[in-house]
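The next block holds one structure in the form of structure tokens; read it before the comments.
The values are calculated or read from the model by the stated rules, or taken from the named source; none is laboratory data. Because the structure is a prediction, the values reported are computed rather than measured. Please note: Cβ atoms are built from the backbone with ideal geometry, for glycine as well, and neighbour counts cover all protein chains shown.
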């Protein structure tokens, strides 16, 4: 690629990032339903027509933000798993990291939740949706690696079945729990249940379901 072509690509990438940055700021401050392509253009100080050059509609812009959310989550999972020695502790650490992610970045959590509502179809290669799904696979790969580590060290049962499926089950369980913690704290309090109690009970149940007989701590 020539120097001029490199510069043009850098400019395109920079402009795209500016648009996503603007959309994300509006998302965080106002909520996604209040975001429009016009408001994104104004926030980015670009023309509406130019925004449409980079993103065909608001939905594609949401996918770009969701890809960012998934990348942050993958990084948080890798960091969380690195802090624990045995597999089941890594899984617990990632579960706590996911709940913290939802509370720290509610707009990212909402973006991930909106992705769950979408009907699953084979995305076009090279599309923003394909990039999001690929990042989702990377997130699950971190979880599967810890499940495998737990089976090797004995802290996770060997008979829990397909680990890719188990990762998705854990995702659904933790996602639902985090959503309740974010949106139902008041009703829970009225029932005499704190978010901390809910979280601790959920983690205890996950560990009980996954736990092997005895981790091998040798080495």
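Might you check whether a residue that is in contact with a helix residue (DSSP H, G or I) (Cβ under 9 Å, 6 or more places away or on another chain), at positive phi, modelled with pLDDT of 95 or more and not assigned by TED's automatic domain parsing to the domain that holds residue 105 occurs anywhere in the range 46-62? Checked the range 46-62: no residue is in contact with a helix residue (DSSP H, G or I) (Cβ under 9 Å, 6 or more places away or on another chain), at positive phi, modelled with pLDDT of 95 or more and not assigned by TED's automatic domain parsing to the domain that holds residue 105.
Looking at 165, 169, 143 in this structure, which one is buried (at least 19 other Cβ atoms within 10 Å of the Cβ) and within 20 Å of residue 202 (Cα to Cα)?
143
Taking residue 177, is it in the same structural domain as residue 96 (by TED's automatic domain parsing), over 12 Å from residue 92 (Cα atoms) and surrounded by 13 or more Cβ atoms within 10 Å (Cβ to Cβ)? Yes: the conditions hold for residue 177. The one condition from (1) surrounded by fewer than 21 Cβ atoms within 10 Å (Cβ to Cβ); (2) out of contact with any strand residue (DSSP E or B) (no Cβ under 9 Å at 6 or more places or on another chain); (3) within 30 Å of residue 212 (Cβ to Cβ) that residue 86 does not meet is (2). Taking the range 92-128 as the range and being at pLDDT below 90 and surrounded by 18 or more Cβ atoms within 10 Å (Cβ to Cβ) as the test, the residues that pass are 115, 128. Where helices (runs of 4 or more DSSP H) fall wholly inside the range 1-58, the ranges with 3 or more residues that are in contact (Cβ under 8 Å) with a residue 24 or more places away in the chain and under 30 Å from residue 102 (Cβ atoms) are 3-30. Residues being part of a loop (DSSP other than H, G, I, E, B) and under 21 Å from the mean Cα position of the chain (by Cα): count how many of those fall in the range 180-212. Within the range 180-212, residues that are part of a loop (DSSP other than H, G, I, E, B) and under 21 Å from the mean Cα position of the chain (by Cα) number 1.
List the pairs whose first member sits in the range 188-205 and is at positive phi, whose second member is outside any helix (DSSP H, G or I), and whose Cβ atoms are under 7 Å apart, counting only residues at least 6 apart or on separate chains? Short answer, once both residue conditions are applied: none. Remark: pairs (first residue in the range 154-165, on the phi < 0 side of the Ramachandran plot; second residue in a strand (DSSP E or B); Cβ separation under 9 Å; 6+ apart in sequence or on different chains) = 155/211; 156/211; 157/211.
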